[in-house]
Amino acid sequence: MSEPGSALPEGFSLHHYATIGSTNDEAKALARAGAADGTLVWADEQAAGRGRRGRLWRSPPGKLYLSLVLRPDAAPPRAAQLGFVAALGLGDALRPLVGPALPLRYKWPNDLLADGRKLAGILLESETSANDGVDFVVIGIGVNIVFAPEDVEFPATSLTANGIAGVTPPMLLAGFARHFADWAVRWREEGFAPVREAWLAAASGLGESIRVRLERDTLVGRFHDLDDDGALVLDCLEGRRRIAAGDVFPIETAEAAVRPSRRRFAPPQDDGNL
């Protein structure tokens, strides 16, 4: 497999592994040891990959497994916006490869959908310094290139399943780094506004009825907006809610009309896919 190192923008460095436990764990270890902003960790296969809230997922060859170390000079709420920056970078890297026939949409807070199915996921992890500032952020990315998992909670897909052939992890890695670098410059210089605008322009479910699963409850309402910090703004029967973390699922409009806006739930099995 060819290395994309020579195609990376200035300021990026690459660590490539055939097999690793978790690219995010390795990136965090490198960051704690002083790795610079722009350090990339890429693996052909993971033995202990995970997603949000520590969920495990299948990580055999055939996907892009990538983590990026960042050292933003920003408070934690602003640093969290880098997840949206990464989503835009990944979307811009994929669109020229998939063409206009396969619509790509951003699913709040950390997924990229192709024709309504999960094509990629993004995981943000960070550690703070002694003065409660951000020491580093690690952005983990998983993209289904050759295959997608089955029997998952949210339907998944892959590039191959959509008739997209010839895309390799090195190709996608290099494209992501270029587009992420461009969006990161805009984020640093112009703030979150252009990132928010671009994300909303391709947001999945905006203006539609959705179900948002929180840690202990589930809310049903209309996806109204993304606020200036990146939180989801949900219009429920009881009023407008600002949601900082949760899992979003689409629902039918008729279903939303008869369901209460909050209900208890039993924790489901994980979808097994970043």
* Structure fact -> Over the range 126-244, with neighbouring protein chains present, the accessible area per residue in Å² at probe 1.4 Å is 46 Å²
* Structure fact -> The percentage of Cα-Cα pairs in the range 88-131 separated by more than 13 Å is 58 percent
* To do: Leaving ligands, DNA and RNA out of it, work out the accessible area of Thr168 with a 1.4 Å probe and give it in Å² to the nearest 10.
  => 60 Å²
* Asked: Tell me, how many Å apart are the Cα centres for the range 73-87 and for the range 112-169?
  -> 17 Å
* Among Ser67, Ser209, what's the order by accessible area (1.4 angstrom probe), most exposed first? -> Ser209, Ser67
* Square roots of five times the Cα gyration tensor eigenvalues for the range 133-194, Å -> 29, 16, 12
* Along the range 80-93, what does the Karplus equation 6.51 cos²θ - 1.76 cosθ + 1.60 (θ = phi - 60°) give for ³J(HN,Hα), rounded to whole Hz, x for Gly and Pro? -> 5, 5, 5, x, 6, 4, 5, 4, 5, x, 5, x, 5, 6
* Structure fact -> Rounded to the nearest 10 Å², the accessible area of His15 using a 1.4 Å probe with every protein chain kept is 70 Å²
* **Residue-level accessible surface for Tyr17, protein heavy atoms, 1.4 Å, Å²** => 60 Å²
* To do: Please give the contour-minus-distance gain from Leu237 to Ala130: 0.36 nm per residue of separation, less the Cα-Cα distance, rounded to one decimal in nm.
  => 34.3 nm
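The values are calculated or read from the model by the stated rules, or taken from the named source; none is laboratory data. The structure displayed is predicted, hence computed values, not measured ones. Keep in mind that these areas ignore ligands, DNA and RNA; they rest on the heavy atoms of the full protein, side chains included. Shrake-Rupley method; radii C 1.70, N 1.55, O 1.52, S 1.80 Å.
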